[in-house]
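A short write-up of the structure that comes next.
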Amino acid sequence: MSALSAALGKPTTRIDGIAKVTGAARYPSDEPVADPAFAYLITSTIARGSIQAFDLTEARAVPGVIDIVTYENIGGGFDEARGPDGGPTTTTLEDNHIWHAGQIIGIVVAETYEAAREAANKSKVSYIEEAPSATFDSPGVTTEARQPEAGSNPRKGDAASAYADAPFKLEARYSTPAQHHNPIELFTTTCEWKDGKLTIYEPSQFMWGTKALTAKQLKMAPDQVRAISRYIGGAFGSKGPNPRTHWIARVARRIGRPLKLVPTRDQGFTIATFRAETRHHVKLGAAENGRLLSLFHEGWEVSSRPSPYHVAGVESTARMYACPNIQTAVNVVHADRNTPGYMRAPPETPYMFALESAMDELAHELKMDPIELRRVNDTQTDPVEGIPFSSRSLMKCFDQAAAQFGWQRRNPVPGSMRDGDWLVGFGCATACYPSNMGPAACRIALTADGKAVVGIAGHEIGTGAYTTVAIVTARALGLPTESVTVHMGDSDLPPIMIAGGSNNAASASLVVAKACEQLRAKISEAAVKDAASRFHGKDPASLQLRDGTLTGAGHEESLHTAIERAGYRLEAYAENIPPGLPATAVADMSKGKPVMLGGAARKDVTAYAFGAHFVELRIHRHTCEVRVQRTVSAFAAGTIINAMTACSQFMGGTIWGLSSALHEETEIDANSARYVNDNLADYLIPVNADVPDVGIIMVPEADERVNPLGIKGIGEIGIVGMNAAVANAVFNATGKRIRSLPIRPENLL
Ligand code: MOS
């Protein structure tokens, strides 16, 4: 373990905490612009067909209305918008085609928000309406098998024959519902033009993507566009580059004034992305001792008509357990819906629900303890590729969490544990998430007063990113964390990959460590060259920055003296490209292209973080109300940078996992293909009373193979597998196997 990674981990209060709780933190729609006009979206009330005509007479007569923009008057000159995976998407305003309900078909601009909203409500639209296809099994949906590409649909051996010959077989179908991110901060965009240059204030998980892709759609040079997003009020995958931005920019240019859009919460359900509903067919074949002989996993995912977007979690489920015969497949089902997109652990949340429920069913068939079934199938080798995991501490997670949870008190006979009128259930499941890395660049200035300023176009999506960057810089330069100022959320700063796939902690830390190493080398080299220094003539590589000093060869000198000698103010710029990515990775990312080294796509090792969830719940004998009593989850995710914010991420993830098991579902009307519960009153999420006791264990794990700092990333793993752990506990309590989420009392009656 490197000295720097060993120095990380101490619980540290977030440096932006006070700004956030006092309201000083500026979210993008809080940024002041001079004399803004306000935009309100007109959205389609039908899901399929086309616009026949607009009647905007009454709308235009509303006092304060400046302009109403539709496809009829916006004019051309834009590039096609692309979906989250680069495929075509259902955008808006290009023509009169209606792809989905709630599609943006017009933008009202007015002196006030209220006038814009009133005019939008007075806009009349006539449609040529066709019957839409809402979801799976709706008439008119089309299904296509995912196109085979490198690494897709993992397959090995002969799964069909091995299944036929297996002494134990388990075959089951599972499903998960559509869900929406519902970030508390809405999907806002403010655009301001000055001297032909555009500034965008919009919450973004990819600053340089927002900048570069908006420039591309506007056919502008990227250096004429700046994106600013210093804080983000929840994103979870929903706040990437999107087609809304360039429409607001175009309309702002057209009216010659800054323009601010704050869409409503219900509009957020259809103008942004969501987690698509999925279906799964799983077949497991096993020997008497529980060893898996065959694994078959086929998934179906809903997408929009034109987009091939899918998440293909079989990439992960195929790699979970030792198994000689594996077959997987993924299908995309096209319906008249908005294009789905990333939502916290996009592939693993639905696909691991299927696998981890099936493992529990198999354990029951085999009369084996579910932990022991995981143990006999545990492996240090990726079963698909035959290469080692960079590290895998799955069973350590199970053992530590089981001990704290008190798993030995579980009676495996369903319905056998009682507490008065309540049936008691214990359940467990595996969590996993690939350790991804992206390219990044950063700039650091260090002055003789011992202060460092870091600039990186990183993303504070609530994870504590400002603090982790400050901690890594401080530990690498031997400074207190308070001496480091971090600037992020501005595309004028050096680029970093999208804050997605839990990569940004590793990507940012690696590049910051590299820049700090340049600063250390500058200071050390100046010291060994100085005839008056006690370090004169020593090997510069042997000198270290530690606790405000330059240290080495038995000597110590204050950092102040050492920096002054090297030039009073020192600057470093570094780029980091994880091995395996092309040399052009930083340049490609700067153009808005996603460039990521996926943990399952590496040639040297397969890199994943692992974890284990345990749940105790009670189900009322008569009402079938489900109450979760407590959870214990253990995670081994390599180096932890800040134990405090890491624990928060794990807790948030596990609570979202409970939500996905028991609460959340976006209801889709089968006839109109519209979302029914598009508000926070009807869209169910857990409240404090639903999550009484959430225990988190961070299992220490040193991994020098995942990357030089051993950082695996923690943003997404917490949610993965919790839905299965709950379903498995429900089975233990009642003997009822619920294979379709969410689990509601009516499923248990
Ligand atoms: Mo995440 S769903 O990759 O923001």
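Output the residue which, of all residues in segment 563-603 that are touching a Lys or Arg at 6+ places or on another chain (Cβ under 6 Å) and hydrophobic (A, V, I, L, M, F, W, C), is farthest from residue 712 (Cα to Cα). Per the stated criteria, the residue is 566. Taking the numbered list (1) more than 16 Å from the ligand (Cβ to nearest atom); (2) open to solvent by 10 Å² or more (accessible area, probe 1.4 Å); (3) small (Gly, Ala, Ser) in turn, residue 237 passes all entries but (1). The helices (runs of 4 or more DSSP H) falling completely within segment 329-414 that include 1 or more residues that are over 26 Å from residue 694 (Cα atoms) and open to solvent by 20 Å² or more (accessible area, probe 1.4 Å) map to 348-366, 370-376. Going through 472, 453, 528 one at a time, which residue ends up being at pLDDT 95 or above, away from the ligand (no atom under 16 Å from the Cβ) and crowded, with 24+ Cβ neighbours inside 10 Å? Result: 472 is the single residue among 472, 453, 528 that is at pLDDT 95 or above, away from the ligand (no atom under 16 Å from the Cβ) and crowded, with 24+ Cβ neighbours inside 10 Å.
Taken over segment 678-689, residues that are open to solvent by 10 Å² or more (accessible area, probe 1.4 Å) and touching a helix residue (DSSP H, G or I) at 6+ places or on another chain (Cβ under 9 Å) amount to 6. Within segment 131-140, the presence of a residue that is open to solvent by 40 Å² or more (accessible area, probe 1.4 Å) and among the aromatic types (Phe, Trp, Tyr) is excluded. Given the options 186, 170, name the one that is aliphatic (A, V, I, L, M) and closer than 30 Å to residue 288 by Cα. On inspection, the qualifying residue turns out to be 170.
Here is a list: 500, 415, 420, 478. Which entry is at negative phi and not aliphatic (A, V, I, L, M)? 500 is the lone residue from the list that is at negative phi and not aliphatic (A, V, I, L, M). Condition check: farther than 30 Å from residue 462 by Cβ, among the β-branched types (Val, Ile, Thr) and not in a loop (DSSP other than H, G, I, E, B). Does residue 128 satisfy that? Yes: the conditions hold for residue 128. Taking each residue of segment 712-731 that is at pLDDT 95 or above and within 16 Å of the ligand (Cβ to nearest atom) and looking for partners that are outside any helix (DSSP H, G or I) and among the basic types (Lys, Arg) with beta-carbon atoms closer than 8 Å, six or more apart or interchain, yields 715/344; 716/344; 719/344. Each residue in segment 489-504 was checked for being within 16 Å of the ligand (Cβ to nearest atom) and in a loop (DSSP other than H, G, I, E, B), and 8 of them qualify. Going residue by residue through segment 589-601, is there one that turns out to be assigned to a helix (DSSP H, G or I) and within 25 Å of the chain's Cα centre (by Cα)? Among the residues of segment 589-601, at least one is assigned to a helix (DSSP H, G or I) and within 25 Å of the chain's Cα centre (by Cα), which makes the answer yes. Within the set of pairs 6 or more residues apart or between chains, which connect a residue that is in contact (Cβ under 8 Å) with a residue 40 or more places away in the chain inside segment 317-328 to a residue that is assigned to a helix (DSSP H, G or I) and of a type in the set (Asp, Glu) with Cβ atoms less than 9 Å apart? From segment 317-328, the pairs are 320/356; 328/315.
Taking every residue in segment 457-474 that is free of Cβ contacts under 8 Å to residues at least 40 places away in the same chain and pairing it with any residue that is among the hydrophobic types (A, V, I, L, M, F, W, C), at least 6 positions away or on another chain, the pairs with Cβ-Cβ distances below 7 Å are 474/484. Yes or no: residue 465 within 16 Å of the ligand (Cβ to nearest atom) and crowded, with 24+ Cβ neighbours inside 10 Å? Yes; evaluated as a whole, the condition is true for this residue.
For segment 268-287, check the following and say yes or no: at least one residue is open to solvent by 30 Å² or more (accessible area, probe 1.4 Å) and in contact with a helix residue (DSSP H, G or I) (Cβ under 6 Å, 6 or more places away or on another chain). Within segment 268-287, one or more residues are open to solvent by 30 Å² or more (accessible area, probe 1.4 Å) and in contact with a helix residue (DSSP H, G or I) (Cβ under 6 Å, 6 or more places away or on another chain). Evaluation of residue 594 against the conditions (1) open to solvent by less than 60 Å² (accessible area, probe 1.4 Å); (2) at pLDDT below 95; (3) not basic (Lys, Arg) shows that the sole unmet condition is (1). The lone criterion from (1) out of contact with any helix residue (DSSP H, G or I) (no Cβ under 7 Å at 6 or more places or on another chain); (2) open to solvent by less than 30 Å² (accessible area, probe 1.4 Å) left unmet by residue 692 is number (2). Scanning segment 475-485 for residues that are among the β-branched types (Val, Ile, Thr) and surrounded by 24 or more Cβ atoms within 10 Å (Cβ to Cβ) yields one hit, 484. Residues of segment 200-230 that are within 16 Å of the ligand (Cβ to nearest atom) and of a type outside the set (A, V, I, L, M, F, W, C): 202, 203, 204, 205, 209, 210, 229. Taking every residue in segment 545-566 that is closer than 18 Å to residue 521 by Cβ and pairing it with any residue that is part of a strand (DSSP E or B) and open to solvent by 80 Å² or more (accessible area, probe 1.4 Å), at least 6 positions away or on another chain, the pairs with Cβ-Cβ distances below 6 Å are 549/556. None of 447, 467, 485 is of a type in the set (Val, Ile, Thr), modelled with pLDDT of 95 or more and closer than 30 Å to residue 612 by Cα except 467. Residues in segment 505-525 that are hydroxyl-bearing (Ser, Thr, Tyr) and within 15 Å of the ligand (Cβ to nearest atom): 507 only.
Would you call residue 128 surrounded by fewer than 20 Cβ atoms within 10 Å (Cβ to Cβ) and free of Cβ contacts under 8 Å to residues at least 60 places away in the same chain? No; evaluated as a whole, the condition is false for this residue. Here is a check on your reading of the model: is residue 665 touching a residue at least 40 places away in the same chain (Cβ under 8 Å), buried (at least 18 other Cβ atoms within 10 Å of the Cβ) and within 16 Å of the ligand (Cβ to nearest atom)? The answer is no for residue 665.
Screening segment 603-628 for residues that are open to solvent by 20 Å² or more (accessible area, probe 1.4 Å) and assigned to a loop (DSSP other than H, G, I, E, B) and picking the one that is nearest to residue 393 (Cα to Cα) gives 604.
The values are calculated or read from the model by the stated rules, or taken from the named source; none is laboratory data. Quick caveat, the model's predicted, so the values are computed rather than measured. No Cβ is skipped: glycine too gets one built from the backbone with ideal geometry, and neighbour counts run over all protein chains shown. These accessible areas exclude ligands, DNA and RNA; they are computed on the full protein's heavy atoms, side chains included. Shrake-Rupley method; radii C 1.70, N 1.55, O 1.52, S 1.80 Å.
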